[in-house]
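Worksheet: one structure, shown below.
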Amino acid sequence: MIAAMPTYAFPVAPQVWSPYPCPNMPARRVADSAQEAALKASAEKIEQSLTLHTGIFGEHECQRIEEFVDVTAMRAATGQFRGQYTVDATPHRTKYFFGNGYTYGHGKRGNEELLPVGAVDPIPVWIEQFVVQPLVEQGIVSKGWIDSVVMNDYQYKGQIVAHVDPPQLFERPILTASFFCPAQLVFGASFDPERTQPPVYVQPLPRGSVLLLDGYAANDVTHGMRPEDMFGTRRCSIVLRHVRRDAPKLGFPQVQDPQRRCLGEEERSRLIREAQGSWRDPTNTIFYEVQQLSVEVWKVSEGAEEREHKATWRMYPREHGLVCNGGVLDSIRGSPPERLEWKPLNKQENDDHHHYNFAFVWQRADNQASD
Ligand code: OGA
Ligand code: MN
């Protein structure tokens, strides 16, 4: 006997029609709860790597800062910034870069590079004084650490799409101070019109608050602000960051380790040619005489008549540059260069983030008396 066929002829939902009991249902429930658990775990990690400070900027402080934001907008509108890349105005938000600017935007994701000095204006004194200084006084950042500031001035319908602040450019934590209307920062949310993926975590940002993003929240999940996350018609965020010492720089070879960039024959010959002659160290006590590939090192002591011969070094042309006494010269600026920057042959860690890591620096010395 063949089982009787269903007699109904109207369309019904597949689960009613299916010969299997409760198709999909159990499996989907398992998947849903696994995903739910993952989202919950993610939300917890986000929460744990965020710190919100409220009450650093009170009503009076907010008002003063907001007045300076207005002045900044006015200065931009009247073309008073010198840096070519200080101001980036789009219909619903204007971005200002201070201290250090970088390439960004479509096609740049993951490949952002620092702009050369002078491309953006320095950090304004009012930001140092009224935004950074209170954070230093509260022990939230150390003095001098903030060397890159981005100010976002959002108008009605303003947004910043989901992103991760370029990890190759900026140290963590990332600090964001909020002014004018309150808003919320959403983590892990999609920005498609359907809002397919709702936020995994929502962080309210009251006026005058300072949010620190670190660890997981800064690196492993996106953050952004959709138009519906702004509760008013104008919001300004001031993003405070520290540039990594090894951040990639626009127009410079993408290799931080000098031992890995191979120079052409031309370039190597030029290094040798330009290194010829007399050099001195920045303290004016050590002198170097370069002839061909040999370097005579002389010391001049205070009050002494005669300079003292200290050593003879040899320069070794290598694939990646000229190697001499633990330093490598892999590039020169200017012709003739006034300064040779020898990088350490063995990359070493240097805790002083404010200085480049040179093994030694030579400055051009004339053959006459030292200046
Ligand atoms: C940013 C950013 C958030 C904000 O500029 O990188 O995440 O609150 N801004 O404006
Ligand atoms: Mn960001």
**Asked** Within segment 82-102, how many residues turn out to be under 14 Å from His163 (Cβ atoms) and within 17 Å of the chain's Cα centre (by Cα)?
**Response** 2
**Residue match in segment 244-259 (condition: more than 14 Å from ligand 2 (Cβ to nearest atom), more than 20 Å from the chain's Cα centre (by Cα), open to solvent by less than 50 Å² (accessible area, probe 1.4 Å) and of a type outside the set (Val, Ile, Thr))** = yes
**Request:** Specify which of the listed residues (Arg195, Arg172) is within 15 Å of ligand 2 (Cβ to nearest atom), more than 21 Å from Gly58 (Cβ to Cβ) and either without any contact (Cβ under 8 Å) to a residue 40 or more places away in the chain or open to solvent by less than 50 Å² (accessible area, probe 1.4 Å) (or both).
**Result:** Arg172
**Message:** Pairs needed: first member in segment 207-229, within 14 Å of ligand 2 (Cβ to nearest atom); second member anywhere, among the hydroxyl-bearing types (Ser, Thr, Tyr) and part of a strand (DSSP E or B); C-beta distance under 6 Å; at least 6 residues apart or different chains.
**Reply:** Leu211/Thr176; Leu212/Thr51
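Residues of segment 146-169 being hydroxyl-bearing (Ser, Thr, Tyr) and either more than 9 Å from ligand 1 (Cβ to nearest atom) or surrounded by fewer than 19 Cβ atoms within 10 Å (Cβ to Cβ) (or both), which ones?
Across segment 146-169, the qualifying residues are Ser148, Tyr156.
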**Scan of segment 175-189 for residues that are under 20 Å from Pro199 (Cα atoms), more than 10 Å from ligand 1 (Cβ to nearest atom) and over 22 Å from the mean Cα position of the chain (by Cα), ordered by number** = Pro182, Ala189
**Prompt:** For segment 96-154, how many residues meet the condition of being in contact (Cβ under 8 Å) with a residue 60 or more places away in the chain, in contact with a strand residue (DSSP E or B) (Cβ under 6 Å, 6 or more places away or on another chain) and aromatic (Phe, Trp, Tyr)?
**Reply:** 2
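The values are calculated or read from the model by the stated rules, or taken from the named source; none is laboratory data. Quick caveat, the model's predicted, so the values are computed rather than measured. Ideal geometry is used to build each Cβ from the backbone, glycine not excepted, and the neighbour counts take in all protein chains shown. Note: areas computed on protein heavy atoms with side chains; ligands, DNA, RNA excluded. Shrake-Rupley method; radii C 1.70, N 1.55, O 1.52, S 1.80 Å.
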